[in-house]
Amino acid sequence: MEKAQSVDPIFSVLDRSQPKNSPGEVGPGQITQTQPQRFGQRTLGEILVERKKITEEQLREALRIQAQRGGAQKVGAILLESELIDQTDILQGLAVQLELPYLEHLPINEIDAELVRDLSIGFCSQNLIVPISRDATGVTVAVHDPLDVSAVDDLRLILGSNIFRVVCPKVTIESAINSVFERQDMSRESAQGLASDEGDDLAGLEEATDLLHDTEDAPVRREVSTIIRRAISEKASDIHIEPFEDRVSVRFRIDGALREVRAIPKKYQANVTTRIKILGKLNIAESRIPQDGRISLRVGGRDCDVRVSALPTKHGERIVMRILDKSSGVRELTGSLPEKVFKPFEQLIHSKHGIVLVTGPTGSGKTSTLASALMHINKPDVNIITVEDPVEVGLPGVGQVEVNEKAGLTFAAGLRSILRQDPDVVLIGEIRDSETAQIAVQAAMTGHLVLSTLHTNDTASSVTRLADLGVEPFQITTTVLGVLAVRLMRKVCFTCRELTTYSTEELALLNLTPERVVGKKLYRARPNGCSSCKNLGYSGRMGIYELLVFEDAIRQQIVKSVDGAALRKIAVSKGMTSLRDSAAERFMNGETTLDEALQKTQVDD
């Protein structure tokens, strides 16, 4: 087999000089067979020792256990069972053993969608294999199990080409499958148009158990699956399907910013809406009133919850789907908050009684912050109960109650019952009315720690908001321990960010002086971005925080007046780091831009 003469630039890292006896690297007419356990002169265990993943003593112990079990279990499985190594160590070891390249990441958005034209998404996802490049000598494919030669043989016959392999983690291959098939679907729809479905074909359909395996040929079903799959692969938080007079716009909210990703012809609006309402278990015969539903699905092995909201508008029902990736888990509180905020906030959530509030607008990270706080204090001797609308993040070891207003289970009704469950810590999803606020105050005054959220712009405004809800100033000062304001700010793309300088006037907008930024590298977003950030100039988000701890001076001011502006001045004079100060720190660290910092901290104006 000749070595490749030209390789796609993005895949130039690949080394085609692979051994001729490796499974899968075969020419037409050749038959591959399962290889013996020892490839070349080294076993997997020996390779792991050489790579210092395990010691020779640990390998001998694993071999002893293997002999005791009759040799039926592989040494790698025994080492995994003993938690001496992880799956990545196994994959890297197999790659070395088989003399194959190992790639942790792939440029998935640059894989040519034509490579999967003759393949099904079911075949690729079931075998965790996907083509990633082609040249004159053959096709390079990413595989998760390099010992599975049957899938490689099938792929060689389907593509009629030599096959070269690279080893990749499962999540990398699943992301590549999602991306390349989504682009292939979009290309097919653009060429053929979206065909109309009859209403009878849509009625009674069950939701896909795994959208990665949803290969249903019905165009509308495939269209909806493609939109949701693409949104999840691009880490969108919301999908907006908005009908207008002549078209239906599909927009994704990614990193807090909306962008249009495609337009659906107006004549297919009813079919797409019906399909989504069926998945969300909404009434497809009702289009005059708002409806809310939920879709539970799996995409590439990842569990996701999608909250569906349908709202009647002049041109039809407007649908917004909020995506929650449950597989991402709960972030550690220590890694989420900066050190100067973490320590005092940790003291607050370890208090025996009182109220701790987290504030911010919709989508600012309040729920995620509270979930991290609960898991930080969650211990077998602490009884934690929550009442939420809805339960967005599953927390192991925590009793979670979901509001059901149709059945009469409101925040207030749920709280009354919770307090009879002997809780130590109570989480209220949101204090939204005076009844809930009064019960929260009573719970705090009777020896419970209450965590909750408020929709206010900053920490000081929360005091005014509580007063508006009927909480007396003396109740605020005796129960509220502190308020944390949260914002999510976009990170500048580290791949394409550009060094720049700012004028004294521009720096002053962030309360910065030229002296404070001496020696700092300041960046701006590239206008058209790059492929890594999907031409946005920003990639990912990070938190900025403002913590107001209720000290004596703060309490004295609240008794005098609940004016937020006056309270804020006192808090800043006592050393509180404002949201704008927190954003300025991120800016000076090169993590974001001046424009983004100003936009996310307009409250400080």
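Might you tell me the accessible area per residue for the range 366-506, computed with a 1.4 Å probe and given in Å²? Please report the intermediate quantities before stating the final value.
On the way: 6010 Å² over 141 residues.
Here the per-residue accessible area is 43 Å².
Highest mean first, what order results for 484-493, 415-424 on Cβ atoms within 10 Å?
Values: 484-493: 24.0, 415-424: 14.7.
Result, highest mean Cβ count within 10 Å first: 484-493, 415-424.
Of the heavy-atom accessible surface of the chain (probe 1.4 angstrom), what whole percent is carbon and sulfur?
Working: 13690 of 28810 Å².
Carbon and sulfur together cover 48 percent of it.
When the chain is fully extended, how far beyond the present Cα-Cα distance does LEU63 get from THR88, taking 0.36 nm per residue of separation? Mind showing how you got there, number by number?
Values: separation 25, 0.36 × 25 = 9.00 nm, distance 2.07 nm.
Length difference between fully extended and current span is 6.9 nm.
At 10 °C and 1.306 mPa s, grab the translational diffusion coefficient of the chain from Stokes-Einstein with a Kirkwood Rh over Cα pairs, rounded to a whole number in µm² per second. Before the final figure, lay out the partial values.
Numbers: Rh = 27.9 Å.
Value of D from the Cα-based Kirkwood radius: 57 µm²/s.
Could I have the simple spin-label model distance between LYS52 and LYS560, label points 7 Å from Cα toward Cβ, reported in nm to one decimal?
Computed distance between label sites LYS52 and LYS560 equals 6.3 nm.
What's the center-to-center distance, using Cα atoms, between the range 66-100 and the range 308-349 in Å?
Taking the Cα centre of the range 308-349 as reference, the centre of the range 66-100 is 38 Å away.
Quick one: which of 448-454, 109-115 comes out on top by average Cβ neighbours within 10 Å, and what's the full order, highest first?
Details: 448-454: 23.4, 109-115: 16.7.
Highest-to-lowest ranking by the protection proxy: 448-454, 109-115.
Taking the mean number of other Cβ atoms within 10 Å as a proxy for protection, how do you rank 125-132, 310-317 from highest to lowest?
On the way: 125-132: 22.4, 310-317: 15.5.
The densest-packed peptide leads the list: 125-132, 310-317.
Please give the contour-minus-distance gain from HIS455 to THR362: 0.36 nm per residue of separation, less the Cα-Cα distance, rounded to one decimal in nm. If you can, show how the numbers build up before the last one.
Working: separation 93, 0.36 × 93 = 33.48 nm, distance 0.74 nm.
This chain segment gains 32.7 nm when fully extended.
Leaving out ligands and nucleic acids, note down the accessible area per residue over the range 88-184 with a 1.4 angstrom probe, in whole Å².
So the range 88-184 comes to 34 Å² accessible per residue, rounded to a whole number.
Any idea what angle helix 564-573 forms with the longest principal axis of the chain, computed on alpha-carbon atoms, 0 to 90 degrees, nearest 10?
That works out to roughly 70 degrees.
Can you spot the lysines whose alpha carbon is less than 24 Å from LYS52's alpha carbon? Ignore those fewer than 8 places along the same chain.
List returned: LYS74, LYS170.
Pull up the DSSP beta bridges for the chain and report the antiparallel fraction as a percent, rounded to 5.
On the way: 57 of 86 bridges.
Percentage antiparallel, nearest 5: 65.
Using the 4.7 Å Cβ rule, please list in number order the cysteines from the chain without any candidate partner.
CYS124, CYS168, CYS304
Would you calculate, for the chain, the mean residue ellipticity at 222 nm contributed by helices, counting each DSSP H stretch of 4 or more residues as -39,500 (n - 2.57) and dividing by all residues, to the nearest 500? It would help to have the intermediate numbers written out before the result.
Numbers: 22 runs with 212 residues, N = 605.
My calculation for the chain gives -10000 deg cm²/dmol from helical runs alone.
Evaluate E = 1/(1 + (r/R0)^6) for SER573 and SER503, where r is the Cβ-Cβ distance and R0 equals 45 Å; express this FRET efficiency to the nearest 0.05.
Details: r = 29 Å, r/R0 = 0.64.
Computed FRET efficiency for SER573 and SER503: 0.95.
Put a dot 7 Å past each Cα toward the Cβ at GLU551 and ARG416; how far apart are the dots in nm?
Computed distance between label sites ARG416 and GLU551 equals 4.1 nm.
For the range 568-605, list residues with backbone N below 14 Å from a point placed 7 Å from the Cα of LYS521 toward its Cβ?
In the range 568-605, the label zone of LYS521 (backbone N under 14 Å from the point 7 Å along Cα→Cβ) covers 588-592.
Return the distance in nm (one decimal) between the two label points of a simple spin-label model at ALA285 and ASN109, each offset 7 Å from Cα along Cα→Cβ.
It works out to 4.6 nm between the two label points.
With θ set to phi - 60°, apply the Karplus curve 6.51 cos²θ - 1.76 cosθ + 1.60 along the range 390-397 and write out the HN-Hα couplings as whole Hz, x wherever there is a Gly or Pro.
These are the phi-based 3J(HN,Hα) values: x, 6, 9, 10, x, 10, x, x Hz.
The values are calculated or read from the model by the stated rules, or taken from the named source; none is laboratory data. It should be emphasised that the depicted structure is a prediction, and the values quoted were computed from it without experimental measurement. Here the Cβ is made from the backbone with ideal geometry for all residues, glycine too, and neighbour counts use every protein chain on show. Ligands, DNA and RNA are excluded from the accessible area calculation, which covers all protein heavy atoms including side chains. Shrake-Rupley method; radii C 1.70, N 1.55, O 1.52, S 1.80 Å.
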